[in-house]
Amino acid sequence: MSPEYHLFGIGNALLDTEYQVQEEFLTQNSIEKGRMTLIDSARRNELIRSVGSTPYGVGAGGSVANAIYAAQGFGCRNFFAGVVGEDEVGKTFVDELTQAGIDTLPPLKNKLGKSGQCLIFVTPDGERSMNTSIGIADSFHLGDLPKSRIQSAKFVFVEGYLASSPRGRDAARRVITTAREAGVQTSMTLADVSIVKNFKAALESILVPQLDIVFCNVEEALAWSDANTVEASYETMLALARLCVITLSDAGCIVLERGHSPLHVSGFQQTPIDSNGAGDMFAGAFLTGVVNNWDSYRCARFANFAASKIVTQVGARLNSMESYRELWLAFSHESM
């Protein structure tokens with residue numbers, strides 16, 4: 001029987017709010033460049049007041065949600081489990097995914113606290129610095145996770161950011177355990193080097209026993225393995241999953257697979273405008289290839305191609321589902 005969903009994703013549901021700023025803004029507001037920093041609601045309000053301008057873009061976000069959205073655009077049928085309230089932020093989030101054809105958890109009624117929001121500050125070099133106010137995004141109730149939806153997927157995709165809270169990591173473990181019991185394949189993104197450094201033990205509790213696929217960038221791989229070179233990280237990274245994909249920015253990616261030599265797949269050169277969402281687009285494209293039974297090289301080539309396109313615009317998502325289909329067709333022509 002064919003799966004009801006290609007991908008079941010779980011992660012923090014965040015409304016991405018993106019601003020273009022100068023380097024001085026980061027310095028003046030003590031924002032660590034190129035990192036994801038968790039903040040509270042007071043800090044969120046302080047930064048919004050400080051930037052003093054209209055955001056360049058506002059849209060449903062979060063790492064796994066972005067990847068799920070991309071995969072939906074590439075022709076997959078997906079479900080996203082994330083927690084939002086009935087406030088304007090939460091309604092905007094759910095409406096955007098629903099309009100794309102993605103099934104979601106309903107907004108929580110009468111929930112104290114605000115839906116999650118990620119403030120993204122993009123400097124002229126295209127680097128993004130994220131300040132995330134989780135709000136109620138990690139307020140998972142295990143009984144609300146739709147077991148039948150997890151069991152009816154081909155793959156589950158889990159967000160490493162969930163390791164930063166007890167409820168988040170419990171939800172991640174529940175989804176992975178439910179998937180394994182049903183024979184559903186498991187995948188995860190390590191999310192951000194700050195998560196690897198600060199919540200490694202929590203991540204390990206989610207990752208063990210090993211998954212089918214783990215995604216990370218080279219900085220995360222080095223931090224996880226305590227290695228000085230990416231080559232020195234290979235053995236440690238392969239202990240996490242049967243297949244580990246390490247992204248190298250515009251240099252492409254490395255695919256590590258048990259019983260195979262490391263596969264370096266070259267990237268597509270671009271002048272980046274905004275790196276926000278590149279890793280999410282990469283993961284969504286790679287998993288799309290996997291559910292279509294492509295080999296690892298073709299999955300990685302498509303993922304590199306898709307990521308190279310998203311960095312040429314501001315924002316973590318293309319502007320329409322049709323834009324994803326056009327990208328899919330463009331890759332088909334490129335790879336012929």
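Given the C-alpha centroids of the stretch 279-328 and the stretch 53-84, what is the distance between them in whole angstrom? That distance is 13 Å. Spatially close Lys pairs in the chain, defined by Cα atoms under 19 Å apart and a spacing of eight or more places or different chains, total 4. Here the contact order of the chain, divided by its residue count and restricted to Cα pairs under 8 Å and six or more residues apart, works out to 18 percent. Ligands, DNA and RNA left out, the accessible area of the chain computed with a 1.4 Å probe is 49% carbon and sulfur.
Considering only DSSP beta bridges where both residues belong to the chain, give the percentage that are antiparallel (nearest 5).
Values: 19 of 56 bridges.
Percent antiparallel among DSSP bridges in the chain is about 35.
Taking only DSSP H segments of four or more residues, each worth -39500 (n - 2.57), what value at 222 nm results for the chain once the sum is divided by all its residues, to the nearest 500 deg cm²/dmol?
Values: 13 runs with 131 residues, N = 336.
-11500 deg cm²/dmol, from helical runs alone.
Distance between the C-alpha centres of the stretch 1-47 and the stretch 96-126: 10 Å, rounded to the whole angstrom.
Could you pull out the longest piece of the chain with no exposed loop trypsin sites (Lys or Arg not before Pro) in it, calling a site exposed if DSSP puts it outside H, G, I, E, B and it has at most 14 other Cβ atoms within 10 Å? The segment 110-257 is the longest one with no such site.
Rounded to whole Å, give me the distance from the Cα center of the stretch 184-227 to that of the stretch 234-260. Value for the Cα centre distance between the two parts: 12 Å.
Once you list every other residue whose beta carbon is under 12 Å from the beta carbon of A70, what net charge do they have if Lys and Arg are +1 and Asp and Glu are -1?
With Lys, Arg at +1 and Asp, Glu at -1, the net is +2.
Positive contributions from Lys and Arg (+1) and negative ones from Asp and Glu (-1), summed over other residues with Cβ under 11 Å from the Cβ of T177, come out at +2. Rolling a 1.4 Å probe over the heavy atoms of the protein chains gives the chain an accessible area of 42 Å² per residue.
Summing charges over neighbours of P272, with a neighbour being any other residue whose Cβ is under 14 Å away from its Cβ, gives -2 when K and R count +1 and D and E count -1. Remark: the N45-R180 segment gains 44.5 nm on full extension, using 0.36 nm per residue and subtracting the alpha carbon distance. How high is the FRET efficiency between E23 and Q270 when r is their beta carbon distance and R₀ equals 25 Å, given to the nearest 0.05? Computed FRET efficiency for E23 and Q270 comes out at 0.70. In a DSSP loop and with at most 15 other Cβ atoms within 10 Å, the chymotrypsin sites (Phe, Trp or Tyr not before Pro) in the stretch 285-332 are W294.
The values are calculated or read from the model by the stated rules, or taken from the named source; none is laboratory data. None of the values given here were measured: they were computed from a predicted structure. Cβ: placed from backbone, ideal geometry, glycine included. Neighbour counts: every protein chain shown. Calculation scope for accessible area: heavy atoms of the full protein, side chains included, ligands and nucleic acids excluded. Shrake-Rupley method; radii C 1.70, N 1.55, O 1.52, S 1.80 Å.
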